[in-house]
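Each remark here refers to the structure printed beneath this line.
Taken together, the values in this text are just the output of simple stated rules run on the coordinates, not laboratory data. Note that the structure is predicted; figures quoted are calculated from it, not measured. Glycine gets a Cβ as well: all are built from the backbone with ideal geometry, and neighbour counts include every protein chain shown.
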């Protein structure tokens, strides 16, 4: 039969996987066996739930960091690295204006209209 130390270690290692109900059940079992005082049970449950939530957040951050690092390593663009359709159109219009100016292909009115479109 596992002792309180072993149970504490098991709870600590997998705490982020436990629900409040599961933690309450384990603590109640410890109270019934006299390994935890009844007056301390509520605080212990709250502490363990809080630690579990912290571990969950730490785990999420760790997974996110690993994924980002992997994407960077594989040179895969993330959403924030990509240009929107609007940004692409703006760049194309700017390039077009420069080309038209350099080549003197378009009239000043045409270029002016493109510049107005660019501001939209």
Inset, instruction - State yes or no: is residue 93 surrounded by 11 or more Cβ atoms within 10 Å (Cβ to Cβ), over 28 Å from residue 19 (Cα atoms), in contact with a helix residue (DSSP H, G or I) (Cβ under 6 Å, 6 or more places away or on another chain) and in contact (Cβ under 8 Å) with a residue 24 or more places away in the chain? - result: yes
Legend entry - Flag for residue 61 being assigned to a helix (DSSP H, G or I), free of Cβ contacts under 8 Å to residues at least 40 places away in the same chain and loosely packed, with under 11 Cβ neighbours inside 10 Å: yes
Inset, instruction - Quick one: count up the residues across the range 99-120 that are assigned to a helix (DSSP H, G or I) and surrounded by 11 or more Cβ atoms within 10 Å (Cβ to Cβ). - result: 11
